[in-house]
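The values are calculated or read from the model by the stated rules, or taken from the named source; none is laboratory data. Model, not experiment: these values are computed from the prediction. Counting neighbours? That spans all protein chains shown, and the Cβs are built from the backbone with ideal geometry, glycine included. Areas reflect the complete protein model, heavy atoms only, side chains present, ligands, DNA and RNA absent. Shrake-Rupley method; radii C 1.70, N 1.55, O 1.52, S 1.80 Å.
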Amino acid sequence: YVNGPDLWLQEFPWPDADGHKYSRGHAVVCGGPEMTGAARLAARAAMRAGAGMLTIASPPEALPLYAADRAGVLTVPVANAAEFSAVFIDPRKNAVLIVPGRGVNRTTRELGEKTDKKSNIASHNQHAMGDLDQPLGVGGA
């Protein structure tokens with residue numbers, strides 16, 4: 001298939017004049033501590049695509065960078081999978097993206113496992129869901 005408006009325009013969720021930000025969805029982007037570009041670009045893309053709210057969840061040491069990047073983006077410190085899971089206590093947070101800058105490691109895999117939301121583990125992080133008893137880059141999903 002060739003992606004184009006003919007495939008999806010009739011299903012596009014145009015905002016209503018009386019709509020509320022939560023009727024547009026609340027996306028969560030899980031960013032990394034050092035390589036922050038993908039998370040910041042994903043946040044911008046989600047807002048441009050129409051997300052009503054957006055939160056970047058990141059390790060505490062990176063939070064100031066994400067907080068200063070863009071007005072209107074919420075930030076929350078997340079040091080481990082349990083804290084990441086707590087982000088989703090609010091049922092209005094209905095989509096999550098874990099970006100490559102989060103790293104390929106056991107913690108990244110646990111983050112994806114701790115949410116019952118539709119998750120997207122971006123790019124090279126997909127093999128972080130594999131068998132991490134093997135050296136990284138060997139095995140994997």
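Could you compute how much accessible surface residue 113 exposes when probed at 1.4 Å, giving the result in Å² to the nearest 10?
Near enough 120 Å² of accessible area.
Under the Karplus relation 6.51 cos²θ - 1.76 cosθ + 1.60, θ = phi - 60°, what is the ordered set of whole-Hz ³J(HN,Hα) values for the stretch 12-21, x standing for Gly and Pro?
With the stated coefficients, the stretch 12-21 comes to 5, x, 4, x, 8, 4, 9, x, 10, 4 Hz.
Name the shape class, rounded, prolate or oblate, that the alpha-carbon gyration tensor gives for the stretch 2-43, where a ≥ b ≥ c are the square roots of its eigenvalues, rounded holds for a/c under 1.5, and otherwise prolate holds if a/b is larger than b/c and oblate otherwise.
Judged from the Cα gyration tensor, the stretch 2-43 comes out oblate (a/c at least 1.5, b/c at or above a/b).
Just to be sure I understand the model, the point goes 7 Å from the Cα along the line to the Cβ. What's the resulting residue 18 to residue 90 distance in nm?
A separation of 2.5 nm, rounded to one decimal place.
What is the calculated FRET efficiency for residue 8 to residue 82, with r their C-beta to C-beta distance and R₀ = 35 Å, to the nearest 0.05?
Efficiency at R0 = 35 Å is approximately 0.45.
Return the long-range amide H neighbours of residue 98 (sequence gap of 5 or more, or a different chain), with a cut-off of under 5 Å between placed amide H atoms.
Those qualifying (amide H under 5 Å, at least 5 residues apart or on another chain) are 30, 120, 121, 122.
For residue 74 and residue 44 in one chain, what is 0.36 nm times their gap in residues minus the Cα-Cα distance, to one decimal in nm?
Working: separation 30, 0.36 × 30 = 10.80 nm, distance 1.23 nm.
So the chain would gain 9.6 nm between residue 74 and residue 44.
What is the spread of the Cα atoms of the stretch 22-95 along each of their three principal axes, largest first, in whole Å?
That works out to 32, 24, 16 Å along the principal axes.
For the stretch 64-70, in order, what is each residue's ³J(HN,Hα) by Karplus, 6.51 cos²θ - 1.76 cosθ + 1.60 with θ = phi - 60°, in whole Hz (x at glycine and Pro)?
x, 5, 5, 5, 7, 6, 8
Shape verdict for the stretch 59-98, please, from the Cα gyration tensor: rounded (a/c under 1.5), prolate (a/b greater than b/c) or oblate. All intermediate terms of the calculation are to be shown ahead of the outcome.
Details: a/c = 2.38, a/b = 1.31, b/c = 1.82.
Oblate, since a/c reaches 1.5 and b/c is not below a/b.
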